[in-house]
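What follows is a short report on a single structure.
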Amino acid sequence: MEKVVVNFRIDKDTKKEMEKICEDIGISIGTAFNIFAKKFTRERRMPFELDSDPFYSPKNIERLKKSIEQMEKTGGTVHEVDYD
């Protein structure tokens, strides 16, 4: 089977951690990505569970839109929150 080169970028720390884990189990990063790609194409789905931030859920976005509408109608004030 003919091989091709695929280039993409990942976070430097993630790459270092991935290299350590791959070394521990005796495979290369390329092999790890090939395993992912083969499982992904065979199953036609992500081979692991994906989670999302509930803040961006449709239900919460709708709630936020309603809150903004209410605030605009009543002349409410927006307060910025610093999470640092």
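Over 23 Å apart at the Cα level, from the set K12/K38; K38/K59; K3/K39, are K12/K38; K38/K59.
Counted by Cβ distance under 13 Å from E69, the other residues give a net charge of +2, where Lys and Arg count +1 and Asp and Glu count -1.
With the simple spin-label model, which puts each label point 7 Å out from Cα in the Cβ direction, the T74 to E62 separation comes to 2.1 nm. Each other residue within a Cβ distance under 14 Å of P58 adds +1 if Lys or Arg and -1 if Asp or Glu, for a net charge of +2. The calculated FRET efficiency for R44 paired with M18, based on their beta-carbon distance and R0 = 25 Å, is about 0.55.
Each eigenvalue of the Cα gyration tensor of the chain, multiplied by 5 and square-rooted, gives one semi-axis; in descending order these are 44, 18, 11 Å.
Read the figures in this text as sums done on the coordinates, not as results from a lab. A quick note: this is a predicted structure, and the numbers were derived from the prediction, not measured. All Cβ positions, glycine included, derive from the backbone under ideal geometry; neighbour counts span all protein chains shown.
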